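Take a look at the structure set out below.
Just so it is clear, none of the values below were taken in a lab; they were calculated from the coordinates. Keep in mind that what you see is a predicted model, and the values were worked out from it rather than measured. Cβ coordinates were reconstructed from backbone atoms using ideal geometry, including for glycine residues, and neighbour counts include every protein chain displayed.
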Amino acid sequence: MPAGENLTARGVDRRRRLGIFALAVGVLAAAALIALHAPRWTRGLLVVPFGIGIAGVLQARERTCVALAAVSMREEPDGSYCSVSAADTGRARRVAAWILVRALAGGAVVAFAAWLI
């Protein structure tokens, strides 16, 4: 496993599926809020599903789990977890931080776009 990566193919697949599901929930929620003429402030809540969806897709793409990076662990092929070295932890935490920044920003942009509609 290259430095900074802490997910196996199974973990990547799980996060990709979660991300796609959360994005679909966000799209459906946005459509419902707009169709029902819900108060505009409620569209701000769309940050949550879109942020989670973007984070899931980014974790799958980067092969780095944010939660595992936070606790200095990686996923093993058998589904278990093990500790990683300080060097790998540092790289994984930098990647994880960048994933979180992009997910939050992306979720906010999409929620703002829905607010404008």
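Which of the peptides 52-63, 35-46, 69-80 is most tightly packed, and how do the rest follow, going by the mean number of other Cβ atoms within 10 Å of each residue?
Highest-to-lowest ranking by the protection proxy: 52-63, 69-80, 35-46.
If I model a spin label as a point 7 Å beyond the Cα along the Cα-Cβ vector, how far apart are those points for Val25 and Leu116 in nm?
2.6
Relative to the longest principal axis of the C-alpha atoms of the chain, give the angle of the C-alpha long axis of helix 9-35, reported between 0 and 90° and rounded to the nearest 10°.
It works out to around 10 degrees.
Can you list residues from other chains, or at least 5 along the same chain, whose modelled amide H is less than 5 Å from the amide H of Tyr81?
Glu76
Computed FRET efficiency, Cβ-Cβ of Arg40 and Arg10, R0 41 Å: what is it to the nearest 0.05?
After rounding, the FRET efficiency stands at 0.50.
How many times 2.2 N^0.38 Å is the alpha carbon radius of gyration of the chain?
1.21
Before anything else, pin down the relative contact order of the chain: Cα pairs under 8 Å, at least 6 apart, normalised by residue count, whole percent.
That works out to 39 percent.
Is the stretch 1-55 best put as rounded, prolate or oblate by its Cα gyration tensor, with a ≥ b ≥ c the root eigenvalues, rounded for a/c under 1.5, and otherwise prolate when a/b is larger than b/c, oblate when not?
prolate
Which residue, Leu33, Pro77, Ala92, has the largest displacement toward the positive end of the dipole of the chain when charges sit on each Cβ (Lys, Arg +1; Asp, Glu -1)?
The listed residue farthest towards the positive side: Leu33.
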